[in-house]
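All remarks here apply to the structure that follows.
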Amino acid sequence: MSESDEHLCRLCDRPLGSPRLTSKHHLVPMSKGGKKGKTVELHNICHRKIHAALTNGEIAKNYTTIEQLQKHEEIQKFILWVSKKQPEFYDRSRDSLARKSKLDWKRRAH
């Protein structure tokens, strides 16, 4: 990987920009044994999309590389959409909001 590649989001290939808008994605989820495994730098919005589209179990079983993630149909559509946005763009995915809403409801019910 060249030095200039290190400044690109590994999922969408847009410039990373501000460190506050990025996070590290564990290619094998920490909950599935990847705590000390390889990580990649992603935009927060790209990282959130991965976890909105896939469970940790799905990631651990079938999506442990960037290339595999990029082949997932929902993530492909997301990449096409987000590639037209500025690197600083951030909007919570609707899937994440729906999941958060469902979790909030479950917490209130107990």
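A short reminder: the numbers here are calculations on the coordinates, not readings from a lab. The structure presented is a predicted model; accordingly, all values stated were derived computationally and were not measured. Cβ: placed from backbone, ideal geometry, glycine included. Neighbour counts: every protein chain shown.
A simple spin-label model places pseudo-atoms 7 Å from Cα toward Cβ; at Met30 and Lys77 they are separated by 3.1 nm.
Here Phe89 and Arg20 are evaluated by their C-beta separation; at R0 = 22 Å the FRET efficiency comes out at 0.95. Of the residues Ser31, Ile75, Leu42, the one whose Cα sits farthest toward the positive end of the charge dipole of the range 1-93, with +1 on the Cβ of Lys and Arg and -1 on the Cβ of Asp and Glu, is Ser31.
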